[in-house]
Amino acid sequence: MDSRSQALLTYLRREWGLPLLEYQSLPKPIVGGFETSIFEFQLRGAPRDMSGRLILRLFRAGSGEGRALRESIVQNAVSATGYPAPRVFLTCPDKSVLREEFNVMEKMSGRPMLETPSESLPETLGRIHATLHQIDPKPLMRMLEAQGIGQRRLSLQGIFDWIRRRIDSAGYDWLRPGMDWLDENKPEIRQVAICHGDFHPLNILMNDGEVSAILDWSGFRITDPTLDVAFTKVILTIPAPVLVTGFASEGFVKRYLSAYQRELPLLPERLMYFEALRCVMALLEGADGQVVWRHPDILIQVLEKLSEHTGLRIKPPSYS
């Protein structure tokens, strides 16, 4: 057993008051994201809810303070309504334990949405997305407030604050016209919802034709639900066709949007605005090192989409 696995077990024994807790299977790495490392493990002697397969989600340095706590709050809040989000059993903001913040959560069953043989995946995606946006956000907002997490950082303004900070700190002056356009054309936010922020088929698991889990809530916001739909639309129309062989983007997106609009309305002009926002974010994330948004074919399409919606001609640095 390596030192990090032993440190985790020691911490769990102490936090749960279970000195005889042992590993049924040691933590083993599974696919993670740009800002997280993910491990799967199982315990012996754990409470019933935690006796199955578990996930350790480590938040890498630079991913932002308090990420573990914020994710645990939103996942548990939406899970409590019956929505298929993994329950978080333990949150540790103390970096001295594993050198990074972490969560321990249930491992959800199922296969990635695009691997499931179903003709109705776009409709399923649209329907389950609209279901999320119909959850009352007020209980979650109260939970966040109780933990001292202000609403601004999770709002549209919070995204703007983040973009401005990165432009200033990293010297991304080439991106300022995009941010200025977003500021000048910002719509009034009349209604807010819980927004996932990265809602696409690779973050969705399915079992027997039904959605069993929505994963990776790191980008969640409480803002106009059109933002969430626009972010999904950008992902499905720009990187997905490049990265997923045979993905028929145009038809998929059309059916996804139609299914969503059977539940909730969408205004085209707001959708275009938030698509422009996602393109600016993609350019920033690419500049910060995210490989997907640096892909030449994807980068070209992001720039074209941004120009189509804003009239701007942004020139990012060359990535070689």
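Exactly one residue out of ILE194, ILE214, ILE238 is of a type in the set (A, V, I, L, M), closer than 28 Å to PRO317 by Cβ, touching a residue at least 60 places away in the same chain (Cβ under 8 Å) and not assigned by TED's automatic domain parsing to the domain that holds PRO86, and it is ILE238.
With respect to ARG166, determine if the residue is part of a helix (DSSP H, G or I) and under 18 Å from ASP224 (Cα atoms). If you could, list the steps in order and put the result at the bottom.
On the way: part of a helix (DSSP H, G or I): yes; under 18 Å from ASP224 (Cα atoms): no.
Judged against the criteria, ARG166 is not a match.
Could you pull out the residue among GLU250, GLU275, GLU285 that is loosely packed, with under 14 Cβ neighbours inside 10 Å and charged (D, E, K, R)? Quick ask: steps written out before the conclusion?
Details: GLU275 fails: loosely packed, with under 14 Cβ neighbours inside 10 Å; GLU285 fails: loosely packed, with under 14 Cβ neighbours inside 10 Å.
It is GLU250.
Among the listed residues LEU284, LEU227, LEU299, LEU277, which satisfies the condition of being more than 18 Å from PRO122 (Cα to Cα), free of Cβ contacts under 8 Å to residues at least 24 places away in the same chain and among the hydrophobic types (A, V, I, L, M, F, W, C)? Explain how you work it out, then say what you get.
Working: LEU284 fails: free of Cβ contacts under 8 Å to residues at least 24 places away in the same chain; LEU227 fails: free of Cβ contacts under 8 Å to residues at least 24 places away in the same chain; LEU277 fails: free of Cβ contacts under 8 Å to residues at least 24 places away in the same chain.
Unique residue meeting the criteria: LEU299.
Mind checking whether some residue in region 296-318 is outside the structural domain of GLU35 (by TED's automatic domain parsing), outside any helix (DSSP H, G or I), hydrophobic (A, V, I, L, M, F, W, C) and within 15 Å of PRO239 (Cα to Cα)? No.
For region 121-148, which residues satisfy the criterion of being small (Gly, Ala, Ser) and surrounded by 12 or more Cβ atoms within 10 Å (Cβ to Cβ)? Walk me through how you get there before you give the answer.
So in region 121-148, the residues small (Gly, Ala, Ser) come out as 126, 130, 146, 148.
Correct list: GLY126, ALA130.
One residue is enough: does region 73-85 have a residue meeting the conditions modelled with pLDDT of 95 or more, closer than 30 Å to PRO201 by Cα, part of a loop (DSSP other than H, G, I, E, B) and in contact with a strand residue (DSSP E or B) (Cβ under 6 Å, 6 or more places away or on another chain)? Break it down into steps so the answer makes sense when it comes.
The initial filter retains those residues of region 73-85 that are modelled with pLDDT of 95 or more, namely 73-85.
Now drop any that are not closer than 30 Å to PRO201 by Cα, which leaves 73-85.
From what is left, the residues that are part of a loop (DSSP other than H, G, I, E, B) are 81-85.
Filter again for in contact with a strand residue (DSSP E or B) (Cβ under 6 Å, 6 or more places away or on another chain), leaving 84-85.
Within region 73-85, one or more residues are modelled with pLDDT of 95 or more, closer than 30 Å to PRO201 by Cα, part of a loop (DSSP other than H, G, I, E, B) and in contact with a strand residue (DSSP E or B) (Cβ under 6 Å, 6 or more places away or on another chain).
Output the residue which, of all residues in region 168-211 that are modelled with pLDDT of 95 or more and small (Gly, Ala, Ser), is nearest to ILE238 (Cα to Cα). Restricting to residues being modelled with pLDDT of 95 or more and small (Gly, Ala, Ser), the top hit is GLY197. Among the residues of this structure, GLU101 does not count as one that is more than 16 Å from the chain's Cα centre (by Cα), among the acidic types (Asp, Glu) and not assigned by TED's automatic domain parsing to the domain that holds LEU54. Regarding GLY219, is this residue at positive phi and either in a loop (DSSP other than H, G, I, E, B) or outside the structural domain of PRO117 (by TED's automatic domain parsing) (or both)? No: the conditions fail for GLY219.
The values are calculated or read from the model by the stated rules, or taken from the named source; none is laboratory data. Just so it is clear, the structure is predicted and the values come from calculations on it, not from any experiment. Here Cβ is always computed from backbone atoms with ideal geometry, including for glycine, and neighbour counts include all displayed protein chains.
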